[in-house]
Amino acid sequence: FAVCGTVFSILIGLIGGLFSSEIWWRSLSPQLFGTPWLFIRSLLAIPRSIHEAIWGLFFVNIFGLDPLVAILAIAIPFGTITAKVFSDILDETPRQALTALLSSRSEEH
């Protein structure tokens with residue numbers, strides 16, 4: 001159960017980290033209106049703040065004593081922690097290469 005929970009937490013972390021990264025949204029559209037990464041980071045903070053034992057109790061009430069309870073109780077909080085770490089790593093990368101690439105892309109259009 002721990003291995004499955006860890007695999008799912010890494011998947012949640014990769015997807016959530018990408019969507020909560022400012023640099024990814026800037027690479028899509030440099031003139032992006034609003035800050036969707038802040039909204040997504042705020043949403044990811046909620047499951048991150050709840051302990052996995054509480055998630056386990058919550059899912060036991062929903063699913064009963066099922067192996068899925070253990071997997072979800074591990075995957076959700078650790079996946080959001082992994083998403084935070086991945087988004088911080090992406091946002092700390094140097095932006096000069098991305099800026100040069102985006103400026104050359106805009107000159108072609």
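Does the range 35-48 hold any residues that are modelled with pLDDT under 90 and either part of a helix (DSSP H, G or I) or open to solvent by less than 40 Å² (accessible area, probe 1.4 Å) (or both), and which are they? Step through it out loud before you land on a result.
First, the residues of the range 35-48 that are modelled with pLDDT under 90: 35-38.
Residues satisfying the conditions are P36, W37, L38.
Would you mention how many residues in the range 83-105 are in contact (Cβ under 8 Å) with a residue 40 or more places away in the chain and surrounded by fewer than 10 Cβ atoms within 10 Å (Cβ to Cβ)?
0
In the range 49-65, what residues are in a helix (DSSP H, G or I), open to solvent by 100 Å² or more (accessible area, probe 1.4 Å) and within 13 Å of I76 (Cα to Cα)?
F58
Quick check on this structure: which one of S9, S29, S21 is in contact with a Leu (Cβ under 9 Å, 6 or more places away or on another chain) and hydroxyl-bearing (S, T, Y)?
On the way: S9 fails: in contact with a Leu (Cβ under 9 Å, 6 or more places away or on another chain); S29 fails: in contact with a Leu (Cβ under 9 Å, 6 or more places away or on another chain).
Answer to the selection: S21.
The values are calculated or read from the model by the stated rules, or taken from the named source; none is laboratory data. If you're wondering where the values come from, they're calculated on a predicted model, not measured in any experiment. Using ideal geometry, Cβ is built from the backbone for each residue, glycine included, and neighbour counts are taken over all protein chains shown. Note: areas computed on protein heavy atoms with side chains; ligands, DNA, RNA excluded. Shrake-Rupley method; radii C 1.70, N 1.55, O 1.52, S 1.80 Å.
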